[in-house]
Amino acid sequence: MNPLRNKALSISSVIVAACFSVQAIGVGVYISYGVFFNPLMAEFGWPRAAISGSSAVAFFVSGLVAVYIGRLNDRIGPRIIMSVSALFLGIGCMLMSGMDTIWELYLYFGLIFGIGLSSIDVIALTTIARWFPEKRGFMTGITKVGTGAGQLIFPLLASFLISGFGWRNAGAGLGILALLSLLVIAQFLKKEPDKPGFQNPAGRAALRPDGNLSFSEARRTFPLWLLCIINLTIVSCLMSILVHIVPHGRDIGISPHKAAGVLSAIGGVSMAGRFITGMVIDRIGGKRSMILSLLLLLTGLFWLQTADSLWKLYVFACIYGLAHGGFFTVISPIVAELFGTASHGALFGLVVFFGTAGGALGPILTGHLFDISGSYTLPFRLILSVSALGLLLLFLLKPVKPVKI
């Protein structure tokens, strides 16, 4: 085999492994926050809503900052940005170990950690989009499997650290681990291949049917804002389910341990959904893949309306997990399909912001509707309706006409 080709394959493998690891560590540490709920309530007596609110703030801040992270990434590349983000993410966790007031929780986790979290999706998925235009879906799917791996590994690690060393030391330990790991991984990230002939999307963009739009050109198109609204509606539904499916299970008489198992099943199945969707994207395109994901989501949500036993919730977890993993995998490739990759970081960051806004507000609205009605019947029907609206909007999404470069 050609030595140059061997070197190119080796470098591309390192890029995929680095992006996979960024997703696993960043998302895994964020999800682990839920393991700290009971220790924080036990020590400080803070209400559950106040503790969960800091997680929503971190999620929203990450999306807001992602818009600017994406634009910086388009200009200077991922290495420096990921290194700085590692500092914010790690230091945010470490500072939590010394907090004593609720405002410190919101400052350290909601703001500082949230700023660090902002790079996790934008850096990893934009890098993949630029390196692998021919296998973008497949490589994105592999990278997004890292999210599921992080969701499985880090909460268990956090639980072990808390039980053995207390929540303060556990927070500091996770912060140090995340900071050092992401700093090292950042040094392996490159914006795009050095050699123009090796899958260089910037050099080929003018030949692609979707064109290669700048941020200013893309923001004047209807498809960009439509995609933002679709992401807002669907992510609000997806995050509402993740937050409320365990309480729903307990409300229908399922033990806490078994109800939590439903959430774990969603995480496990979503890994398969990410991988399968990645392969499907390369064959049928981003829009059709997203349609399939939303059809699966609607099927699962219809089933959820009458899921009143443990086995029915596990059936829901399997259907929903495939849809959940598939939807989050297809967002980055569909941005590249519609607008090219020259400004992918900025455009993807904008789409991510709308998603995080919906993801922050959706669970709050769901909880409010539960408080009003006394059950999840009304909230789950609303989630089904909003998901159906997202699918209808998706059918309106049309390709962007190419521009001359």
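The values are calculated or read from the model by the stated rules, or taken from the named source; none is laboratory data. Given the structure is predicted, the values throughout are model-derived calculations rather than measurements. Positions of Cβ are generated from backbone atoms using ideal geometry, with glycine treated the same way; all protein chains shown enter the neighbour counts.
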**Message:** I'm told Phe354 meets every condition in (1) modelled with pLDDT under 90; (2) within 26 Å of Val400 (Cα to Cα) except one. Can you identify the failing condition by its number?
**Reply:** (1)
**Message:** With the requirement that a residue be surrounded by 24 or more Cβ atoms within 10 Å (Cβ to Cβ) and in a loop (DSSP other than H, G, I, E, B), what does the stretch 303-342 give you?
**Reply:** Gly340, Thr341
**Request:** Would you point out which residue out of Ser52, Ser62 is small (Gly, Ala, Ser) and farther than 25 Å from Leu350 by Cβ?
**Result:** Ser52
**Request:** Looking only at the stretch 376-387, count how many residues are touching a His at 6+ places or on another chain (Cβ under 9 Å) and either outside any helix (DSSP H, G or I) or surrounded by fewer than 16 Cβ atoms within 10 Å (Cβ to Cβ) (or both).
**Result:** 1
**Request:** Kindly provide the set of residues from the stretch 70-116 that are in a helix (DSSP H, G or I), closer than 30 Å to Gly45 by Cα and small (Gly, Ala, Ser), ordered by number.
**Result:** Gly90, Gly92, Gly110, Gly114, Gly116
**Message:** Quick check on the stretch 343-350. Is at least one of its residues in contact (Cβ under 8 Å) with a residue 24 or more places away in the chain, surrounded by 21 or more Cβ atoms within 10 Å (Cβ to Cβ) and not in a helix (DSSP H, G or I)?
**Reply:** yes
**Request:** Using the structure shown, decide if Gly261 is within 27 Å of Phe370 (Cβ to Cβ) and surrounded by fewer than 17 Cβ atoms within 10 Å (Cβ to Cβ).
**Result:** no
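Identify all residues within the stretch 18-48 that are without any contact (Cβ under 8 Å) to a residue 60 or more places away in the chain and part of a helix (DSSP H, G or I); write none if there are none.
Passing the criteria: Phe37, Asn38, Met41, Ala42, Phe44, Arg48.
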**Message:** Between Ala346, Ala360, Ala388, Ala342, which is modelled with pLDDT of 90 or more and not assigned by TED's automatic domain parsing to the domain that holds Phe138?
**Reply:** Ala388
**Prompt:** Looking at Tyr314, is it more than 20 Å from the chain's Cα centre (by Cα) and at pLDDT 90 or above?
**Reply:** yes
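Of the residues Thr356, Thr329, Thr366, Thr341, which single one is β-branched (Val, Ile, Thr) and touching a His at 6+ places or on another chain (Cβ under 6 Å)?
Unique residue meeting the criteria: Thr366.
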**Item:** Pair list, Cβ < 8 Å and 6+ apart or interchain, from the stretch 116-144 residues that are small (Gly, Ala, Ser) to residues that are in a loop (DSSP other than H, G, I, E, B)
**Value:** Ala129/Thr341
**Top-ranked residue in the stretch 70-97 [being among the hydrophobic types (A, V, I, L, M, F, W, C) and at pLDDT below 90; ranked as surrounded by the fewest Cβ atoms within 10 Å (Cβ to Cβ)]** = Ile76
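Have a look at Ser270, Ser293 and point out the one that is within 17 Å of Leu397 (Cβ to Cβ), part of a helix (DSSP H, G or I), among the polar types (S, T, N, Q) and under 18 Å from the mean Cα position of the chain (by Cα).
Numbers: Ser270 fails: within 17 Å of Leu397 (Cβ to Cβ).
Only one candidate qualifies: Ser293.
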**Item:** Single residue of Ile281, Ile241 found to be among the hydrophobic types (A, V, I, L, M, F, W, C), within 16 Å of the chain's Cα centre (by Cα) and buried (at least 17 other Cβ atoms within 10 Å of the Cβ)
**Value:** Ile241
